[in-house]
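What follows is a short report on a single structure.
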Amino acid sequence: MAKKLFIETHGCQMNEYDSSRMADLLGEHQALELTERPEEADVILLNTCSIREKAQDRVFSQLGRWRELKLQNPGLVIGVGGCVASQEGAAIRERAPYVDVVFGPQTLHRLPEMIDAARTTQQPQVDISFPEIEKFDRLPEPRVDGPNAFVSVMEGCSKYCAFCVVPYTRGEEVSRPLVDVLGEILHLAENGVREVTLLGQNVNGYRGDAGAGRIADFAELLHAVAAIDGIERIRYTTSHPLEFSDAIIQAHAEIPKLVKYLHLPVQSGSDRILAAMKRNHTALEYKSRIRKLKAAVPDICISSDFIVGFPGETEQDFAQTMKLIEEVGFDFSYSFVYSARPGTPAADLADDTPEEVKKQRLAILQQRLNQQGFENSRRMVGSVQRILVSDYSKKDPGMLQGRTENNRVVNFRSSNPRLIGQFVDVHIDEALPHSLRGPLVAAASDGAPARRPSPAPRDLSSIGRLSPSGPCGYSSSIPPAERRPTEDLERTPGTPSLYPGTLRSTPLRQPLRTVRRAPAPDRTAPGHRDPQPR
Ligand code: SAM
């Protein structure tokens, strides 16, 4: 009987992507098959997240539950990866001595050897180094599972926001070469993937080796991906405002395959707090970027991340965040109470706001955002939306579901599983708090899952448009006094489309390499201080 692998994933989409790559790797090298039942697994992996304390706490309670399995089956290998592993290293075993393997986000490709070594030596294996040259070079082709796929294009973070552990757990920003990213997406497209989500901690900070000594920026990458035959929709997450260049705005205007949806974390609407967070931009500069984007793509929906209760946040600071939320008209957010992370500069800041007050602020913020999102959903009632059908509805097997360009789940009644993997048009009849519903209008392609539907042109008046400004129209938001050009956060000259044609074959696969943006600092060197953002 085939040996079984169970993976539990905590945290972000980057972790989900990493977990799927671990499954590919261990499937190829150790013939391990995925199971949903830890009790029947031969290898159990926990891919952890340390972005907030709560996420970190979950690690040891989860490991505690698996301790019993190890007692019953001493041959079981338990591995811990991800950001908590990177942060804690061998110390994980002090609290959970039955853990056999500890690996970091940049050493997951070494899992087959580490598992073998743990088995043969009966000794724990710990490797949380940052050998970023290797990782993508040693991973197999990704397995295709449905019409949507994640593709990691860069990793790590060099922004050093005062609250964030990512630069310390995942290392500095590293981009994959352009040719490698395109090779992976071509492979996915040839195997029926229609929508890709480009991933990175600051994905729009992509700077990939484009050959001949040239570096491709994120706008160039978007144009190149859009030229791949079969890929009909492109999403990306998550972005940093400092990297949201004019060239990317132009790409949004020029590339119909790029969804009319942007996730651009802002964290706070108060300049004082933004400065304390070391975000290096003001609220006005953020709005200026959004204003420019809305001028290029009027009905684009914007979502964001917020941290509530950062040390020193006053009622006035919070009021400024609420003001920004209304002005921009955010459609959705990931929002959390600030969680002090050991080793980050903000962990040393005095914080006298009671936890209860922080929780109340978060509830107010989330209620407002839910309301705005729901209002946008209601504006979509009566429109026809093109969705990529991904699966059966979670609640009703008589329904199928997919997502709109602006990332809303749509459920529609159908008994035709051949629609999974295709674009269809649905007439939106009903807006629910977390989804939309309506009858199928037409399939946008002919039923063969691997074939390409005609792309949805931007100017089809019936598709996704109700009014000139669409569901997330920017009509109300920014006060006229602020509607004036401001300094760009970063001036990047407009990138002309380098890929006007369509890529069809796979001549691009080359030896895989990664490109650093900056040499990694030696944090152990005497007198070392992490670089302060501009
Ligand atoms: N590109 C993003 C940006 O501009 O910040 C980085 C995304 S970060 C990896 C994921 C999100 O986790 C952040 O946007 C922030 O809202 C949240 N986060 C990070 N550190 C946090 C902390 N210490 N407490 C609460 N939330 C935190």
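The values are calculated or read from the model by the stated rules, or taken from the named source; none is laboratory data. Values in this document were obtained by computation on a predicted structure and should not be read as measured data. Using ideal geometry, Cβ is built from the backbone for each residue, glycine included, and neighbour counts are taken over all protein chains shown.
Annotations
- Filtered residues of region 37-52 (kept if away from the ligand (no atom under 16 Å from the Cβ) and within 23 Å of R110 (Cα to Cα)): P38, A41, D42, V43, I44, L45, L46
- Scope region 304-323; condition surrounded by fewer than 22 Cβ atoms within 10 Å (Cβ to Cβ) and closer than 19 Å to P241 by Cα; matching residues: D305, Q320, M322, K323
- Tally, over region 31-58, of residues that are at negative phi and at pLDDT 95 or above: 17
- Screening L222 on (1) surrounded by fewer than 24 Cβ atoms within 10 Å (Cβ to Cβ); (2) over 15 Å from the mean Cα position of the chain (by Cα) shows it passes everything except condition (1).
- Any chance S50 is in contact with a Gly (Cβ under 6 Å, 6 or more places away or on another chain), farther than 23 Å from T35 by Cα and either touching a residue at least 24 places away in the same chain (Cβ under 8 Å) or crowded, with 20+ Cβ neighbours inside 10 Å (or both): no
- Count of residues meeting criterion [acidic (D, E) and either at pLDDT below 95 or touching a Phe, Trp or Tyr at 6+ places or on another chain (Cβ under 8 Å) (or both)] in region 352-365: 1
Listed here are the residues, each with its yes/no results for (1) in contact with a Pro (Cβ under 6 Å, 6 or more places away or on another chain); (2) within 30 Å of N148 (Cβ to Cβ); (3) small (G, A, S); (4) away from the ligand (no atom under 13 Å from the Cβ).
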{"position": "Q320", "(1), (2), (3), (4)": "no, no, no, yes"}
{"position": "E326", "(1), (2), (3), (4)": "no, no, no, yes"}
{"position": "L365", "(1), (2), (3), (4)": "no, yes, no, no"}
{"position": "Q371", "(1), (2), (3), (4)": "no, yes, no, yes"}
{"position": "M399", "(1), (2), (3), (4)": "no, yes, no, yes"}
{"position": "V410", "(1), (2), (3), (4)": "no, yes, no, yes"}
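- The single condition from (1) in contact (Cβ under 8 Å) with a residue 60 or more places away in the chain; (2) assigned to a strand (DSSP E or B); (3) surrounded by fewer than 23 Cβ atoms within 10 Å (Cβ to Cβ) that Q385 fails is (3).
- Only a single criterion out of (1) part of a helix (DSSP H, G or I); (2) among the acidic types (D, E); (3) surrounded by 19 or more Cβ atoms within 10 Å (Cβ to Cβ) is not satisfied by E375, namely (3).
- V144 satisfies every condition listed in (1) farther than 20 Å from E8 by Cα; (2) surrounded by fewer than 23 Cβ atoms within 10 Å (Cβ to Cβ); (3) away from the ligand (no atom under 16 Å from the Cβ) except (1).
- Annotation note: Cβ proximity below 6 Å between a residue of region 234-257 that is closer than 16 Å to V166 by Cβ and a residue that is part of a strand (DSSP E or B) and near the ligand (Cβ under 10 Å from one of its atoms) (sequence gap 6+ or interchain) occurs for T237/H263; T238/H263.
- Residue within region 351-362 that is part of a loop (DSSP other than H, G, I, E, B) and within 16 Å of the ligand (Cβ to nearest atom) present: yes
- Residues that are small (G, A, S), under 18 Å from H252 (Cα atoms) and buried (at least 22 other Cβ atoms within 10 Å of the Cβ) are absent from region 185-198 altogether.
- Number of the condition not met by P298 [criteria: (1) more than 16 Å from the ligand (Cβ to nearest atom); (2) modelled with pLDDT of 95 or more; (3) of a type outside the set (S, T, Y)]: (2)
- Tally, over region 193-212, of residues that are free of Cβ contacts under 8 Å to residues at least 24 places away in the same chain and within 14 Å of the ligand (Cβ to nearest atom): 0
- Failed item, numbered, when P147 is tested on (1) modelled with pLDDT of 95 or more; (2) in contact with a helix residue (DSSP H, G or I) (Cβ under 6 Å, 6 or more places away or on another chain): (2)
- Residue in region 334-347 that is out of contact with any Cys (no Cβ under 6 Å at 6 or more places or on another chain) and more than 16 Å from the ligand (Cβ to nearest atom) present: no
- Comparison of I215, I234, I255 shows that the only residue that is more than 11 Å from the ligand (Cβ to nearest atom) and under 18 Å from the mean Cα position of the chain (by Cα) is I234.
- Residues (in contact with a strand residue (DSSP E or B) (Cβ under 6 Å, 6 or more places away or on another chain) and over 27 Å from F150 (Cβ atoms)) located in region 373-397: R378, V381, V384
- Top-ranked residue of region 160-183 - restricted to ones that are closer than 30 Å to G89 by Cβ and in contact with an Asp or Glu (Cβ under 8 Å, 6 or more places away or on another chain), ranked as farthest from the ligand (Cβ to nearest atom): P177
- Any hit, region 267-281, residues being away from the ligand (no atom under 16 Å from the Cβ) and touching a residue at least 60 places away in the same chain (Cβ under 8 Å): no
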